[in-house]
Amino acid sequence: MYFVMNRFRRYQLNKTTESVLNSGHPWILNGKLSTAISAFQDGDWMRLVSGSNETLGFGIYSSSGPIGIRIIQRRNEFSLLQLKQTIQRSLELRKPLRAKTNAYRLLHGENDLIPGVTVDRYGSTWVVQTYSKSLRTFSRLVVRYLYSAASRSEEPIPEQIVWISPHRIGSEKSLPIRFLRGKKEIPYEEGIFLNQVRWKTKIPGQKGGFFLDVRNLRQYILEKPELAINRECLHLFSHTGLTSVCLEEAGAKSVFSADGAKEALEEFASHILPENEILNFEKKNTILTKGKHHLIRADLFQDWGFLEDRKFSLIVLDPPNLTPNQAAVPAGKKAYRSLISKALFHLEPGGDLILLSCSGRILESEFEKIGRETLTNKGWKYKDLFKLRPEPDHPTRKEFPEGKYFKVHIYKKCEPLDQNI
C-alpha cells in the first residue's frame, strides 16, 4: 500500500479542471492544464487537489496526445480495495456472456472506471491494450487484480496474457508486443464460438482479434434469422467476415462481402475454404465466389462499380472510424451520407438497411439524424428504426458520452417513395 501511495505527486487543479473532475468525466485534456504541469513527467501518478488544497482525486499524467490526465479515482484517499472492487464488479457484469461465447471484453476502459486500459478474452488468451505508455505500470496492476478476481470467480483463467499498445495513441510510437503470462509464437490462433458459430481468430490482430463490439449485431442476426433467411445480403466493410458468416448461418441465400484490406479478406477466405485452397485478392473489384459467399476487394470510399446494378434485400454498412479527431467530424458526416446514399441505390424495395458507426465523435442522435435525413433526401421511407443496445461487456456511462462510440441502427422495410428509383 505504501508503495502505491508514495507514487502520487501533488498537482493543483484550476477552476476549469476542477469542474471536469467533479463532473465525473475521466479525462483532463492537456490544453486545460496549468503551466505547473511542466514539472511532471510522462507516467507520473498525481494527487489532484483544489485551490484550498483539498484532495479531490487521483490521476496519471500523459505528456503526449490530447489527454493530459486520466482520472483513476475520485475521493480524498487512493484505495486499492476500491480498485479491486471496481474490477470485480466488471467481471460480474460479464457473467451472462459466458454461456453464449468465449470472446468478450473483460474491462472496457473508462466505461468500467479503468481509464486507458482494455482487456479482451479470446478463448484461453487475454489481450491487454494500453492506450498510452504512461499507463504501463497502472495496466500491470490492473491485470494482476483482474487475474486474482478471475481465480476467485467463474471467469476462466487465461493460459496467455498478451500486452499490446495500439497505434492510435497520438504521437506515441506503438510498443513491442509482450507476454505477461505464458508464451506462444505470434501470430497464433484461438478457437472462438458465438452460439452455434465456430471461428478462429488470430492473436494479436485488429482489436486484438476481431471487433467484439459488433457482437450485438451478430447475436441479433443469429437469434432472429428472419432478418437474413433466403435473402441476398451485402456486407460492406466486412473485415475478416464473422458477421458475413453469421448471415450465412441465419439462412442467407447469398452474402456479398466487400472490404479494402487484402489481409482481412485473406483471413476471411481461410475460414470458408478447404485447407489447401486460396483466393487471390491482388486484383481489386473482382468478385471471388465460394459457396454462398462472394468476396470482393474494393475501395468502398471510391468505387462501387463491381456491384453494377445488383440489388440486395439486406445491406450491412460498417465503415471504420471516420472521425479520428475533432477536425475530421464534418468530413466524417459527409462520408456517412455518401456511403448511405450509395447503399440505397443497391437496396431492394422493402429491404432492410443496417448502419453501424464506431465514430465516437458522432453522437447517437447525430448518427440517427444522418440516417433519417439521407433516406428522406434520397426519396426513401422506412417502417421502423430499431437501435441495438450494447452488450454487457461494453457498458456506457452518462458522464462519458465519448464512450458510447458504437451504434447499430436497423432501418426496416425501406421503400422508395418513387417506385421507379
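Only residues that are of a type outside the set (Phe, Trp, Tyr), open to solvent by 10 Å² or more (accessible area, probe 1.4 Å) and more than 22 Å from the chain's Cα centre (by Cα): list them for the stretch 53-72, please.
From the stretch 53-72, those of a type outside the set (Phe, Trp, Tyr) are 53-57, 59-60, 62-72; that's our starting set.
Narrowing further to those that are open to solvent by 10 Å² or more (accessible area, probe 1.4 Å): 53-56, 63-67, 70, 72.
Residues satisfying the conditions are Asn53, Glu54, Thr55, Leu56, Ser63, Ser64.
Before we move on, is Asp299 within 26 Å of the chain's Cα centre (by Cα) and open to solvent by 30 Å² or more (accessible area, probe 1.4 Å)?
Details: within 26 Å of the chain's Cα centre (by Cα): yes; open to solvent by 30 Å² or more (accessible area, probe 1.4 Å): yes.
Judged against the criteria, Asp299 is a match.
Scan the stretch 226-240 for residues that are at pLDDT 95 or above and on the phi > 0 side of the Ramachandran plot and report the count.
2
Under the condition of being closer than 26 Å to Tyr220 by Cβ and among the aromatic types (Phe, Trp, Tyr), which residue from the stretch 305-344 is farthest from the chain's Cα centre (by Cα)?
So the residue we want is Phe312.
Can you find, within the stretch 9-40, the residue that is most open to solvent (accessible area, probe 1.4 Å) among those that are closer than 14 Å to Ile67 by Cα and of a type in the set (A, V, I, L, M, F, W, C)?
Top of the filtered list is Leu29.
Restricting attention to the stretch 383-411, report how many residues are open to solvent by 60 Å² or more (accessible area, probe 1.4 Å) and farther than 30 Å from Pro26 by Cβ.
Within the stretch 383-411, residues that are open to solvent by 60 Å² or more (accessible area, probe 1.4 Å) and farther than 30 Å from Pro26 by Cβ number 3.
Which numbered condition trips up Glu110, out of (1) in a loop (DSSP other than H, G, I, E, B); (2) at pLDDT 95 or above?
Unmet for Glu110, out of (1) in a loop (DSSP other than H, G, I, E, B); (2) at pLDDT 95 or above: (1).
Restricting to the stretch 321-353, name every residue that is open to solvent by less than 60 Å² (accessible area, probe 1.4 Å) and touching a Cys at 6+ places or on another chain (Cβ under 8 Å).
If the condition is that a residue be open to solvent by less than 60 Å² (accessible area, probe 1.4 Å) and touching a Cys at 6+ places or on another chain (Cβ under 8 Å), then Leu344, Leu347, Gly350, Gly351, Asp352, Leu353 are the ones that fit.
Could you figure out which of (1) in a helix (DSSP H, G or I); (2) open to solvent by 10 Å² or more (accessible area, probe 1.4 Å); (3) free of Cβ contacts under 8 Å to residues at least 60 places away in the same chain isn't true of Glu77?
Among (1) in a helix (DSSP H, G or I); (2) open to solvent by 10 Å² or more (accessible area, probe 1.4 Å); (3) free of Cβ contacts under 8 Å to residues at least 60 places away in the same chain, the lone unmet condition for Glu77 is (1).
Residues are listed down the side, and each one gets a yes or a no for (1) modelled with pLDDT under 95; (2) touching a His at 6+ places or on another chain (Cβ under 8 Å):
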site	(1), (2)
Tyr104	no, no
Arg144	no, no
Tyr147	no, no
Pro166	yes, no
Ser174	yes, yes
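Please verify whether Gly371 is more than 19 Å from the chain's Cα centre (by Cα), surrounded by 20 or more Cβ atoms within 10 Å (Cβ to Cβ), at pLDDT 95 or above and not β-branched (Val, Ile, Thr), treating the condition exactly as stated.
On the way: more than 19 Å from the chain's Cα centre (by Cα): yes; surrounded by 20 or more Cβ atoms within 10 Å (Cβ to Cβ): yes; at pLDDT 95 or above: yes; not β-branched (Val, Ile, Thr): yes.
In short, yes.
I'd like the full set of residues that are under 20 Å from Asn111 (Cα atoms), free of Cβ contacts under 8 Å to residues at least 40 places away in the same chain and assigned to a loop (DSSP other than H, G, I, E, B), limited to the stretch 18-72.
none
For the list (1) buried (at least 21 other Cβ atoms within 10 Å of the Cβ); (2) under 18 Å from Lys412 (Cα atoms), I need the number of the one condition that Ile362 fails.
With (1) buried (at least 21 other Cβ atoms within 10 Å of the Cβ); (2) under 18 Å from Lys412 (Cα atoms) applied to Ile362, the lone miss is (2).
The values are calculated or read from the model by the stated rules, or taken from the named source; none is laboratory data. All values reported here derive from a predicted model rather than from experimental measurement. Every residue, glycine among them, receives a Cβ derived from its backbone with ideal geometry; neighbour counts consider all protein chains shown. Side chains included, ligands, DNA and RNA excluded: accessible areas come from the protein's heavy atoms. Shrake-Rupley method; radii C 1.70, N 1.55, O 1.52, S 1.80 Å.
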